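Engineer: Sending over a structure as structure tokens; questions will come in a sec.
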Amino acid sequence: MTHANASLLHRITDYAHRADPYPLYEELRRTPVLHEEEGGPYLISSYWDIAGLLHDPRVSSDAANLAAAGADVLGGPDDTGLPPSFIRLDPPEHDRLRRIANRPFGPPHSPRLLDSLRDELGEIVAGLIDGFGDAREVDLVDQFAYPFPVTVICRLLGVPREDEPRFRAWVDPIVANLDPDPEADEAERLRAAQEARTQLGMYLAGLVEQRQREPRDDMLSALVTSHGPDGPMSVMEVLSTAVLLLIAGHETTVNLITNGMLTLLRHPEVLGRLREDPDLVVRIVEELLRYEPPVQLVPQRTCVADIEVRGVTIPKGSRIWLVLAAGNRDPERFKDPDRFDPDREDIQHLGFGSGIHSCFGAPLARLETQIALTALARRLDNPRLLEDPPPYRRNAVLRGPRHLRVGFDGLRPERS
């Protein structure tokens with residue numbers, strides 16, 4: 001199939017459009033329920049339809065239902081060798097595991113967790129920026145946006161600081177497997193990812209065993225010693241949850257920070273406002289989640305009953321793609337949706353999904369991004385893009401620059 005006559009689905013997943021997929025999403029919204037190929041997915045692109053389906057119990061996230069629906073162009077979830085995490089399950093098992101995971105992670109059981117992390121997150125960010133040294137150019141992905149959330153996840157889970165370098169060495173090939181380089185050796189990539197998963201799993205299993213004997217004030221300890229009405233997780237469930245926090249949480253935050261800085265550098269007036277008014281960052285991050293969401297679409301959904309959307313019947317057993325980024329720029333929902341406007345009054349975006357599978361780590365990702373963007377705006381002197389558009393990751397779901405080269409005249413001190 002040539003590029004000229006490719007289906008809209010294949011153009012959306014084509015890397016050639018990764019830098020700016022939004023004209024394709026505009027085209028997609030003209031057919032709010034698009035089904036181009038027999039056995040292929042149904043693409044949903046309007047805000048209200050997506051929001052409704054995210055809350056519809058007839059739409060399943062269960063990995064078994066997804067496998068029964070057959071493969072599609074994006075494939076299924078990567079095999080980790082572990083039981084499905086709760087984002088790949090439906091109620092009631094989803095609800096049980098998510099409730100247990102939520103107890104040590106935030107409200108209502110741990111309402112002060114994130115606020116207690118604020119100073120430590122600021123110190124991590126300051127250390128990474130100080131690490132730029134006398135350089136006048138950095139790759140913001142490799143030198144900042146990538147290491148920041150990995151460090152945070154390590155601290156949350158309870159990975160000893162001396163083990164963080166080993167932990168990161170295992171994460172690298174696992175993350176690379178989510179975003180394969182077409183010029184690299186595929187067999188070697190798969191082998192390296194599987195080896196890293198094995199090593200990481202063995203390491204985490206040892207850590208879990210240790211926390212069962214000697215609990216500490218960390219999330220792994222809380223998961224294996226939970227005394228709530230749902231009881232504790234099994235060791236395998238703890239491992240699945242830890243890997244979920246590591247991979248899903250990390251990838252979302254990397255893209256949100258990087259897309260955020262790219263957008264601010266393209267809108268220097270907003271960057272200048274943030275430098276003078278750090279409180280603006282809350283509105284900036286919410287608008288970023290609408291304007292440049294780190295997760296562009298949700299492909300792992302299956303109908304467990306016939307569903308009618310706008311007069312189209314989506315048959316039981318069909319795959320559904322919920323194109324969040326298209327819904328976020330739906331002119332029926334948002335005024336002037338292609339304009340980046342942190343002063344926007346109505347900003348109930350789909351950036352973190354909605355319903356029972358809304359992003360578990362959203363509060364942490366928000367806080368990390370707020371702290372990161374505020375510090376970068378304050379400390380980089382005359383920052384500027386050195387390549388626009390930057391090279392993007394190949395992944396159509398987790399969209400963000402693979403590298404973001406930023407030049408600047410120097411670093412301002414941490415406290416001015």
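Engineer: When the residues of the stretch 115-147 are narrowed to those that are under 17 Å from the mean Cα position of the chain (by Cα) and modelled with pLDDT under 95, which ends up least open to solvent (accessible area, probe 1.4 Å)?
Structural biologist: Pro147
Engineer: Inspect all residues belonging to the stretch 158-172 and state whether any of them is of a type in the set (Asp, Glu) and either under 14 Å from His250 (Cα atoms) or touching a Phe, Trp or Tyr at 6+ places or on another chain (Cβ under 9 Å) (or both). Quick ask: steps written out before the conclusion?
Structural biologist: Pass one, the stretch 158-172, residues of a type in the set (Asp, Glu): 162-164, 172.
If we keep only those that are either under 14 Å from His250 (Cα atoms) or touching a Phe, Trp or Tyr at 6+ places or on another chain (Cβ under 9 Å) (or both) too, we end up with 163, 172.
So far as the stretch 158-172 goes, yes, one or more of its residues are of a type in the set (Asp, Glu) and either under 14 Å from His250 (Cα atoms) or touching a Phe, Trp or Tyr at 6+ places or on another chain (Cβ under 9 Å) (or both).
Engineer: Within the stretch 198-239, which residues are open to solvent by 20 Å² or more (accessible area, probe 1.4 Å), of a type in the set (Lys, Arg) and either within 17 Å of Phe167 (Cα to Cα) or part of a helix (DSSP H, G or I) (or both)?
Structural biologist: Within the stretch 198-239, just Arg213 meets the criteria.
Engineer: Show me the strands (runs of 3 or more DSSP E) found entirely inside the stretch 299-416 where at least 2 residues are open to solvent by less than 40 Å² (accessible area, probe 1.4 Å) and farther than 30 Å from Asn177 by Cβ. Show your work before the answer.
Structural biologist: Working: elements: 307-309, 312-314, 319-322, 405-407.
Fully inside the stretch 299-416 and qualifying: 307-309.
Engineer: Run Glu164 past the list (1) at pLDDT 90 or above; (2) open to solvent by less than 30 Å² (accessible area, probe 1.4 Å) and report the number of the one that doesn't hold.
Structural biologist: Glu164 satisfies every listed condition except (1).
Engineer: Hey, any hits in the stretch 177-197 for a residue that's among the basic types (Lys, Arg), closer than 22 Å to Glu251 by Cβ, touching a Leu at 6+ places or on another chain (Cβ under 9 Å) and part of a helix (DSSP H, G or I)?
Structural biologist: Checking the stretch 177-197: at least one residue is among the basic types (Lys, Arg), closer than 22 Å to Glu251 by Cβ, touching a Leu at 6+ places or on another chain (Cβ under 9 Å) and part of a helix (DSSP H, G or I).
Engineer: Could you tell me how many of the residues in the stretch 15-30 are surrounded by fewer than 16 Cβ atoms within 10 Å (Cβ to Cβ) and either at pLDDT below 95 or part of a helix (DSSP H, G or I) (or both)? So that I can check it myself, show each step before the final result.
Structural biologist: Looking only at the stretch 15-30, we keep the residues that are surrounded by fewer than 16 Cβ atoms within 10 Å (Cβ to Cβ), and these are 15-16, 19-20, 23, 27, 30.
With the extra rule that they be either at pLDDT below 95 or part of a helix (DSSP H, G or I) (or both), the set shrinks to 15-16, 23, 27.
Within the stretch 15-30, residues that are surrounded by fewer than 16 Cβ atoms within 10 Å (Cβ to Cβ) and either at pLDDT below 95 or part of a helix (DSSP H, G or I) (or both) number 4.
Engineer: Also, quick follow-up: Quick one: in the stretch 211-256, of everything that is over 21 Å from Phe148 (Cβ atoms) and among the polar types (S, T, N, Q), which residue is nearest to the chain's Cα centre (by Cα)? Show your work before the answer.
Structural biologist: Within the stretch 211-256, the first condition is being over 21 Å from Phe148 (Cβ atoms), and the residues that meet it are 211-217, 221-241.
Now drop any that are not among the polar types (S, T, N, Q), which leaves 212, 221, 225-226, 234, 240-241.
Numbers: Gln212: 30, Ser221: 25, Thr225: 28, Ser226: 27, Ser234: 26, Ser240: 17, Thr241: 15 Å.
Taking the candidates together, the pick is Thr241.
Engineer: When residues of the stretch 90-126 are filtered for being of a type in the set (Lys, Arg) and either in contact with a Pro (Cβ under 9 Å, 6 or more places away or on another chain) or under 17 Å from Leu246 (Cα atoms) (or both), how many remain? Walk me through it before giving the result.
Structural biologist: So the first thing to find is which residues in the stretch 90-126 are of a type in the set (Lys, Arg), and the list is 96, 98-99, 103, 112, 118.
Filter once more, so that each one left must be either in contact with a Pro (Cβ under 9 Å, 6 or more places away or on another chain) or under 17 Å from Leu246 (Cα atoms) (or both): 98-99.
So the count comes out to 2.
The values are calculated or read from the model by the stated rules, or taken from the named source; none is laboratory data. Predicted model only: the values in this text are computed from it and were never measured. With ideal geometry, Cβ positions are generated from the backbone for all residues, glycine too; neighbour counts draw on all protein chains shown. Note: areas computed on protein heavy atoms with side chains; ligands, DNA, RNA excluded. Shrake-Rupley method; radii C 1.70, N 1.55, O 1.52, S 1.80 Å.
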